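Heads up, the thing below is written out as C-alpha cells.
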Amino acid sequence: MALHRLFHLSSLLRSAVSVTLRRNIGLSAVVFNKARDLDPVQKLFLDKIREYNAKSKTAGGVFEAGPAYQKNLTEEMTKLQRLYGGGDLTKFPQFKFPEPQLEEVTAK
C-alpha cells in the first residue's frame, strides 16, 4: 500500500514538474524573441529585405532584372506552356469535378 502511494506521489510530482517546465520554456521563448529583435545584423537583414520588397513593388516585378532575365523567363514560360498544354501559368488552375452518376441498388 505504501509503495502504491509512493508511485502515485511520484507521478503527481513528475506531472507538476512537467507543467512547470513547459510554462517556463514558453515564457523563455517570448523573452528570447524580444531579445532577438535587438540583434543588429538581423535588423539590417530585415531592413534590406523590406527595401528590396518596396523597390520590387514600385518596379512592378523583379527589381534590377535585366533583358537576359526577361528572355530566360519568357523561354521557360513558353516551354512550360508547351509541356502542359498552354493556359495561363500565372493563375492557379480551376478544377471541376462533376458529380458521379450513382445507380440505386435494391436488395432482393
Residue by residue through region 53-69, the couplings from Karplus 6.51 cos²θ - 1.76 cosθ + 1.60 with θ = phi - 60°, in Hz, x for Gly and Pro, are 4, 5, 5, 5, 5, 6, 6, x, x, 6, 6, 6, 8, x, x, 5, 5
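So, counting K/R as plus one and D/E as minus one, what does the shell of residues with Cβ under 11 Å around PHE63 add up to? Mind showing how you got there, number by number?
Values: positive: LYS55, LYS57; negative: GLU51, GLU64.
Net local charge, PHE63 excluded: 0.
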Per the C-alpha gyration tensor (a ≥ b ≥ c, the square roots of its eigenvalues), region 57-99 is rounded if a/c is under 1.5, else prolate if a/b beats b/c, else oblate; here it's oblate
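Every read-out reported here was derived from the displayed coordinates using simple, explicitly stated rules and does not represent laboratory data. All values derive from a computational prediction rather than experimental measurement. When we count neighbours, we look across all protein chains shown, and the Cβ atoms used for this are built from the backbone with ideal geometry, even at glycine.
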